[in-house]
Structure formats: structure tokens, C-alpha cells
1. Please name whichever of Asn149, Val129, Met1 sits farthest to the positive end of the charge dipole of the chain, dipole taken about the Cα centre and charges placed at Cβ: Lys and Arg +1, Asp and Glu -1.
2. Would you mind working out the magnitude of the charge dipole of the chain relative to its Cα centre, with +1 at each Lys and Arg C-beta and -1 at each Asp and Glu C-beta, to the nearest 20 Debye?
3. Let me check I have the definition right: for the chain, take the eigenvalues of the Cα gyration tensor, multiply each by 5, take square roots. What are those semi-axes in whole Å, largest first?
4. Relative contact order of the chain, please, whole-number percent, based on alpha carbon pairs below 8 angstrom and at least 6 residues apart.
5. Please give the Cα centre distance for segment 132-162 versus segment 260-277, rounded to the nearest Å.
6. Going by how many other beta carbons lie within 10 Å of each one, how would you line up Phe22, Phe212, fewest first?
7. Residues with beta-carbon under 13 Å from that of Phe102, excluding Phe102: net charge, scoring Lys, Arg +1 and Asp, Glu -1?
8. Fully extended, how many nm does the chain gain between Asp66 and Arg178 (0.36 nm per residue separation, minus their Cα-Cα distance)?
Amino acid sequence: MLVFAYDGSLNGDWVAHYAVRFAVHTGTRRLRLVHVREALPDSHLEERIGRIADECKVLGVGLEVDLVARAGTDVAERLLQYVPPGATVIAGTRARPRHVSFLAGTVSARLLEAGRVPVIAIRVVHPGVLGQPASVLLPLAGAPHAAANALPLLRLLGGDLRQLHVLVVREVSRLRFRFLRSEAVEQLLASGRALAATIEEELRVGLALHRFHLDSSVVVSDDVPKEILLHAAKHRSRLICLGASRRTWSQGLAYGAPIERVLRDTPSDVAVYRSVG
């Protein structure tokens, strides 16, 4: 089951398109919308949820709406009380940065950091995509299970995934990068190509029921976010899928953090995901 953490904003309406489209590609075709009420009522909330319900009806998705009081608790904790076992939570980042941050300090960040349920936090840059990105960029490092962790999100894209480009960045320190010899670069590229081939095979097997074009590229760089942004523009990707791990949160989400840099300068929508288990 999918649980959509809806904040009642215009940005939340944009994220809702992804939540509904994701629900279309699940076996149950069900979506639970959870909205945590603040102290002041929103006079437009019923109308906004009504539009989401209309979209669900058109696409054959069953919508369950839970409007819950905050009750003095942390919003993220309150949301988690309405997430059944095995469910995935979909939420949004900020539409505009606060203190130069799109994710840090948000409910989505707290859900991701908790690591108790799978979470997908989406920044919508182009509302006209309507949750149907078609062309997707998947940057992956050599971490174990990196491809497997991305599969649940990619499966939720279903038929809306037409082109998947995998980017493998062999990252080196800025100092080492300046003095890399051509032989060392070729060794890094060779190991990267071997990794990319393994990742491609994992994705083809894991997404065997889906029809899409898959390719990959490997680069050596001292700046991963820059490479992600360059390749997103080069391939005209409509969605960047960024994996978040325990290491991500131990390093924090400061202004210069890789995820925040991509969210700040992205030419496309971004989905930050974290799997559990």
C-alpha cells in the first residue's frame, strides 16, 4: 500500500500526481492520503482533496482519506501512526528553499532519517510532467544493493518509465583528481564499466515486466552532484532518482550536501528514496 503524506499546499497537489500514478502501478491500486491538521483550519483543503479524489477515480485508484489532529506530537511521528506494515510513504520536499535547504528540517527528512518505512520524497520542478516522467536518470555508486534499493521506486513508475539512464560516478578526492594519470583514470573507468554492466543486468531482471530502454555511462569525477546535473540535462531526464542511506543522514543535510545541491540546481523533478531492510 502507498501512503501519501499530504500537506494541503499547491506543491502537495503537484506531488499528488506522482502518488496517484504510483498507485496505478501497484497490485491493489489503493492510495491512503494522510493529512495532519494544524491549529488553523484550511478552508480550501476539502476542495484540494476533492481534485485528488477525482484524479484517482479517473485512473481507477481507490482513495482512503485520513484527516488527523496533530495532537501536539511531531508531524512525522503522527504520520507514521497511520502507515500500515509494508507500506511506502510518499511526501514532498519544499517548493522553495528555506535557509537554502529544500529537504533539511522537513517532515520528509525526518521520515527518511527514521528509516522505519520506505520513503520517497519528491521535489516537483515541472508540474506539467503530472507524475509521468518517461525519461529517468538513476545515479548509483558502488554500494552493495544500490540497484536493488532503487527497484521499488522504479517499479512504481510502471509504464511511465520509457527511458532509464544509469550514471556511475567513480568519485575521487579533489586533490587526487588533479594529479590522476591516464592509466589510473582508465582503471577507474574499467571497474566502473564492470559495475555498470552488473547494475544493468540487475535492473533488467528486476524490471523484466516493464518495457523501457536502458543504458548507462561511467565517469571519473571529484564532484558527484555536478555530474548528476550535467547528465540530467544531457539526457533531458524528467526525473532524477537519488538514493539516501544511513550515511547520508550521519553526514547531515547542510548547504553543500550532495542531495541538497542536486535539489537546488536540478533541471528536472527529483525523487529522494530510502528503502528499508
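1. Asn149
2. 320 debye
3. 33, 21, 16
4. Relative contact order of the chain: 22 percent.
5. A separation of 12 Å, based on Cα centres.
6. Phe212, Phe22
7. Neighbour charge sum, excluding Phe102 itself: +3.
8. 34.9 nm
Readers should treat all values here as calculations from the given coordinates under stated rules, not as data from a laboratory. Everything numeric in this text was worked out from a predicted model, so none of it was measured. Heads up, the Cβs are rebuilt from the backbone with ideal geometry, glycines too, and the neighbour counts pull from every protein chain shown.
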